[in-house]
1. State all residues of the range 332-357 that are within 17 Å of residue 489 (Cβ to Cβ), open to solvent by less than 50 Å² (accessible area, probe 1.4 Å) and of a type in the set (A, V, I, L, M); if no residue qualifies, say none.
2. Is it the case, given these coordinates, that residue 291 is modelled with pLDDT of 70 or more, open to solvent by less than 60 Å² (accessible area, probe 1.4 Å) and outside any helix (DSSP H, G or I)?
3. Restricting the first residue to the range 220-239 and requiring it to be of a type outside the set (Val, Ile, Thr), which pairs with a second residue that is modelled with pLDDT under 75 meet a Cβ separation below 8 Å and a spacing of at least six or different chains?
4. Pairs please, first residue from the range 327-342 and of a type outside the set (Val, Ile, Thr), second anywhere and not in a helix (DSSP H, G or I), Cβ atoms under 6 Å, 6+ apart in sequence or on different chains.
5. Can you tell me how many residues within the range 194-210 are in a loop (DSSP other than H, G, I, E, B) and among the small types (Gly, Ala, Ser)?
6. Name the residues in the range 361-418 that are outside any helix (DSSP H, G or I), small (Gly, Ala, Ser) and out of contact with any strand residue (DSSP E or B) (no Cβ under 6 Å at 6 or more places or on another chain), would you?
Amino acid sequence: MGDSVAIEASARRRRAARRSASLMPEDGECAAACGSPVAANISRVNGRTKRDRSLETTSKTERKRRTCDPSERLSCHKTQDSLLSSASGYNKYRGILNWCVVMLVLSNARLFLENLLKHGILVDPIQVVSLFLNDPYRWPAACLVIVANVFVLVALYTERQLSKGSFSERLGFLVHAINMGVLITFPAAVVLLLPSVTPVGGASALSIYTILFLKLYSYKDVNLWCRELSSIKVKKLSRSLSCPSQQHWSGGDCKVSYPGNLTIRDMYYFVFAPTLCYELNFPRSPGVRVGFLLRRLCEMASEHLKAPAHRPLFFTQVLVALAQQWMVPIIRSSMKPLEDMDLSRMTERLLRLAVPNHLLWLMFFYWFFHSSMNFTAELLRFGDRQFYNDWWNSETVTYFWQNWNIPVHKWCLRHFYKPLLRRGFSKKVSQSAVFFLSAFFHEYLVSVPLRMFRLWAFMGMMAQIPLAWFVGRFLRGNYGNAAVWISIIIGQPFAVLMYVHDYYVLHHRQEVDGL
């Protein structure tokens, strides 16, 4: 009797426990209701687990249905898009890119082999020296570069006198104007009047003088802005802004204030720094990385560190060899079609010249804007290394000119474009003025060394204005990028052919007639 009562009571307790367990929420749900973050995560995990189980059940049911349905078992098609269709969402085209590279290498290898079979080996390293020097005992271009120091010292002296009040602003402006005017005209007169200056040597010297002109212009402007700031806010400025005392940055370098920046050391640091825009305090890197410096040096001109001793890699020599072996024969064979105005053969020569000219331009870009400028910046601990941006992704002509040469773009924006806007000129007029200035210097660097004035470079730069309008208005995305690439690849060899033709006609008429 007692045993039966105890068994019945135990059974009732078990039934009550099962009913209470069925009514209670799971651990994750209870903790989530109580506001516990950990419990909320448990609840989400449990929810995902339930969804996964339901999806597995559904997929199993679907597979079972297909197995039972004969038409489903025999089906091999489903609704889907082609991979090359934009609706497919497929974007793995690395194999196609590799194919393009292989085809490019093979096609250019054929052209190179054809060039060797037709012309033989034309590379002559000794001939490169004659491009810079006619007489090994007379270096007129190098002498021009040495004389450039006079203009640097005149600019520094003028700024020192202005800071002390010995020169008035009007007199200082006049001295700067004369100094920079002579800076532009003096080397051009020497190159034009001195026959011993070669075209390559003259172009190199004029390039240095042009860079120096832009630097001194920026130097003049920034020091003028410092004086204006001092005169306007003289009562509010602290002592560090009105005298040449020095403050230390967190990195240990000295912060220079006007007129404490007017020293020979500061001036020549700016002259050699890879920038055209002057600042009193440039961003500085913590130190010189020897490994980085050596890599850039090897890319510029010296032997590659990983190559054997008998296999030197001279980047400069590669550029010259490419021009001697590939470009010169094409240019020489182009003289006769240009003389006869044979448009079909002229077009064929232009397209043949486009490939080596473009390769040469790309190699020069890497050599100058990456290797050389990074080497100089590392040596001087110059912190701003943005010498170029992603110009290869340019979808407009304007974007290309803003990003392929950042130092020039910064100078134009800071010292030319924005001052024109502040004077009331519109954006279109200011942009056109920037292109005009660039066109002038392009023509200056080409026509003066060649001692002839044909304005091909000037017209090529000014043609960028309507081209920029057309591409920006009618082409977008990949079409705009393709238009920019075409203008780069075709425009440059066209100007090269025009200048070389005119140069040969003026200076080597008999050689042209014999082609």
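1. Those that are within 17 Å of residue 489 (Cβ to Cβ), open to solvent by less than 50 Å² (accessible area, probe 1.4 Å) and of a type in the set (A, V, I, L, M): 346, 350, 353, 354.
2. No; evaluated as a whole, the condition is false for this residue.
3. These pairs meet every condition: 229/237; 229/241; 230/237; 230/241; 230/242; 239/245.
4. Final answer for the pair search is 335/515; 336/515.
5. Number satisfying all stated conditions: 1.
6. 394
Residue by residue, here is whether (1) of a type in the set (Val, Ile, Thr); (2) over 30 Å from residue 333 (Cα atoms); (3) assigned to a loop (DSSP other than H, G, I, E, B) holds:
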site: 79; (1), (2), (3): yes, yes, yes
site: 82; (1), (2), (3): no, yes, yes
site: 87; (1), (2), (3): no, yes, no
site: 90; (1), (2), (3): no, yes, yes
site: 99; (1), (2), (3): no, yes, no
site: 104; (1), (2), (3): no, no, no
site: 111; (1), (2), (3): no, no, no
site: 114; (1), (2), (3): no, no, no
site: 118; (1), (2), (3): no, no, no
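The values are calculated or read from the model by the stated rules, or taken from the named source; none is laboratory data. Model, not experiment: these values are computed from the prediction. Every residue, glycine as well, gets a Cβ built from its backbone with ideal geometry; the counts of neighbours run over all protein chains shown. Each accessible area value is taken on the protein alone, full model and side chains, heavy atoms only, with ligands, DNA and RNA left out. Shrake-Rupley method; radii C 1.70, N 1.55, O 1.52, S 1.80 Å.
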